[in-house]
1. Of the numbered conditions (1) acidic (Asp, Glu); (2) in contact (Cβ under 8 Å) with a residue 12 or more places away in the chain; (3) in a loop (DSSP other than H, G, I, E, B); (4) more than 22 Å from B:His197 (Cβ to Cβ), B:Glu141 fails exactly one; give the number of that condition.
2. Could you grab me the full set of residues in the stretch A:156-206 that are touching a strand residue (DSSP E or B) at 6+ places or on another chain (Cβ under 7 Å) and among the small types (Gly, Ala, Ser)?
3. Which residue is nearest to B:Tyr323 (Cα to Cα), if the candidates are limited to the stretch A:37-80 and must be among the β-branched types (Val, Ile, Thr) and modelled with pLDDT of 85 or more?
4. Kindly indicate whether any position in the stretch A:207-230 is in a helix (DSSP H, G or I) and closer than 23 Å to A:Thr36 by Cα.
5. Please go through (1) surrounded by 14 or more Cβ atoms within 10 Å (Cβ to Cβ); (2) part of a loop (DSSP other than H, G, I, E, B); (3) not charged (D, E, K, R) for B:Ala177 and return the number of the only condition it doesn't satisfy.
6. Name every residue in the stretch A:206-216 that is buried (at least 24 other Cβ atoms within 10 Å of the Cβ) and without any contact (Cβ under 8 Å) to a residue 60 or more places away in the chain, in order of residue number.
7. Tell me which helices (runs of 4 or more DSSP H) are completely within the stretch B:445-535 and hold 3 or more residues being more than 14 Å from chain A (Cβ to nearest Cβ) and over 11 Å from the mean Cα position of the chain (by Cα), or say none if there are none.
8. Looking at B:Glu422 and the list (1) within 14 Å of another protein chain (Cβ to nearest Cβ); (2) in contact with a Phe, Trp or Tyr (Cβ under 9 Å, 6 or more places away or on another chain); (3) charged (D, E, K, R), which single condition is not satisfied?
Amino acid sequence: MFNWFYTGLKTGIRTTPYPAKTDAAPGVSPGRPRATRFDAQVATVLAMRCPTGALVRHQRGVDVDYRHCVHCSRCRRDTGSAVMDWSQDYDWGALGAQAERAGHRFRDIFGHSLHIRFLDAGACGACMSEARQLNNPYYNIHRLGFFITPTPRDADILLVAGPVTDAMRIPLQKTYAAMPEPKRVVAMGVCALSGGVFGPSFISAGGVAQVIPVDVLVPGCPPPPLAILHGLLLAVERTMPSLLTMRVAETET
Amino acid sequence: MVVAAVMQRPSAAWQELHRICPARWPEVSVRTDHTMHIAHLMVTPTTIRPVCLWLFGEAEYHFATLVTEELDDTWHLTYVFYDPACHGWAYVELQQPLAQTSVMSIGDTIHAADWHEREAEDLFGLRFEGHPKLGEFVLHENWPEGVNPMRKQFDAHAPFAYHQQKTVWQPPTIVEAPGAFIMPIGPVYSDFAESAHFVIETTGEDMLRVLPRFFYKYRGVEKIAEGKTADHALLLAERLSGSSAFAHGFAFCRAMESLCETEVPPRARVLRSAFAELERLRHHVSVITGICASTGLAVAQAQGAIIEEDFLRLTAQVCGHRYLFGVLKPGGLTLAPDEQRLGLLRERVHALHTRLEELHTGLRYSSSFLDRLEDVGLIRAEVVKAFGLVGPVARASGSTADLRKLFRYGAYEQVNFEVPTETQGDGYARLRILFREAAQSMAIIERLLDDVPHGPVSAEVIPRAGAALGFVEAPLGATFHWLRLDAAGRVQRYRVSTPSFRNWHAFRVAVEHFSFQDFPIVLATFGLSNAECDR
């Protein structure tokens, strides 16, 4: 029998310093555009290059709406001289319209132990792959008291990816109904926020919030594991929220 | 070590199609396109079946895809076949008025076409005469009969209210033995699993019959692509299946380049193939990790997951995105990585592959692990042929088909590599294939990066009206993308035939008559994607 025990020990600790410290390892995040100052003419060209409408032309430059940005990189490559500023951060989780419903009780109850049920409502597979990385030794969410559970009866948080296809609408509602109160919903990926590239269409609802109440939104296509982790920490009030849009005025600080 | 490009010549059998077919069926006419190596066989409603059966049965062509198109007032059905022995394609083309919705089925004999016909019936309202099982397939019970979303007059963007209908689905049962019951799995199941449903009929231990039910994730990609520009449709192509994003984007770009007769610059050709192999490596590591997880081998799972995450980080460092989104564009690539990044890629891929081989050694010496895989989930060579299976699943059962080797597209004509095959067809054979293919991918990347040509990474693509097929060997097997543009350069029809759609068809065969605890293991060794299947 191969000595797996020794192999495990030899590998050592790989775990990210996040959330105690920022993780600066290269490649942990695809990054995303930041609102950038441009003159009106350049701003128009850049906004037009965005295929999803995430870049919004503004008098002083280009604003970004992260509910639509899919990191297609069309605003930073092949644009000639003007390119959008590009951040390498990952603390992207933002509060949804339902954020206040459970008040601060949620942290008191679940601050140290939280069970998560993942649900695929039509995601392309990249979101699920990133969510699956949460359990790998680099991210190791167990150290934070987060556990993945296969049953909604045990779950405190429903982590949903995908635009909610017609066939997944009822399974999503049933899963949500099966979870005991108090509970929260984290929608991850732009598909789950706005329908992403799949739209609202004849077959997809165009976001989780169209079907069940959503507490935390994590943009990204897909959001990297650290962004999902930020969203989960936000859902239990263990970190500060980010915003879903970024305006040019905010870059001046 | 760039070997001079040698264009493969189609075999004599393909050259003879234009004489053989009209001689056997006087109403069939053949037009041969010698530059693209395509024989267009124009058939009539009565000859479609005999011609297809002859191609598949006697001429030993492989079935690639069925493309259904509604153009003006005519149905255009294109059955795409290719000869695995050579570089030749046969497009069996049928045209009939829209009012005539009945077509002779080939799916009862060419099993590979079975699901293609069921899909066309569901989405277009065509009737395939003689097909043994038509009806609810892509669209589930809460979708009304007679509403066919792929028809031209159907508006894809209006939110459709039919999901409100309260209908109940009763799984069809066959097993009548004493004590028989149904074990339902999904659509929401396991820790992290894509949405799919499996009806397992059993009397206790053995899975007597397994009925998979898919298309929970049907996002109507082919429909919503219509009317978009190629640039926007590429976003959809990349997001058909996040785990094989580059391969599908690559196939889409190849369709576009083939249609617009664009010559991709040498530097982009080499880098595209290198990135495609990088994706294949990461994909296979992910499937291997899943197999370790399915058997509960925790340390091996953690080792695999570390390697997978390292590949994701490496991909982001070299290409700017962990899943290679936004790297491709028709005509080439959007980014030109500098020598330093390519050097990093070469060095890191080699180091990661060494660790993968260590994992392989560990698994080979873990008898408790091997016991769970050996002789489990058997796929025999006849099943590969009948179902037209592709990719690692087929190659673990004796198939040697690999589009990279058959058609030598992109930069694959410049490198020598092996197509590994195994003959046992069990779970362990599939695991060995994954490791062996990963080794080949690593070698291909090294050889390609040894000598990357200089120059631009993209060429201009001038859209033109017409249709073309793009194909690549995705990590899970052959994928075929059919793209038709109108005069304004907008997508008129986008048809995607994916390896998961193919291989899920035979999954039932692999799990039936094994016991319950083998189910997750067979599922993991297939390693298929539902997003890719459902689209």
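The values are calculated or read from the model by the stated rules, or taken from the named source; none is laboratory data. Small disclaimer: the values here were computed from a predicted structure and weren't measured. Quick reminder, even Gly has a Cβ in these numbers, built from the backbone with ideal geometry, and neighbours come from all protein chains shown.
1. Going through the list (1) acidic (Asp, Glu); (2) in contact (Cβ under 8 Å) with a residue 12 or more places away in the chain; (3) in a loop (DSSP other than H, G, I, E, B); (4) more than 22 Å from B:His197 (Cβ to Cβ), B:Glu141 breaks only (4).
2. A:Ala161, A:Gly162, A:Ala187, A:Gly189, A:Ala192, A:Gly195, A:Ser204
3. A:Val70
4. yes
5. It fails just one condition, (1).
6. Within the stretch A:206-216, just A:Gly207 meets the criteria.
7. In the stretch B:445-535, the matching helices (runs of 4 or more DSSP H) lie at B:499-511, B:519-526.
8. (1)
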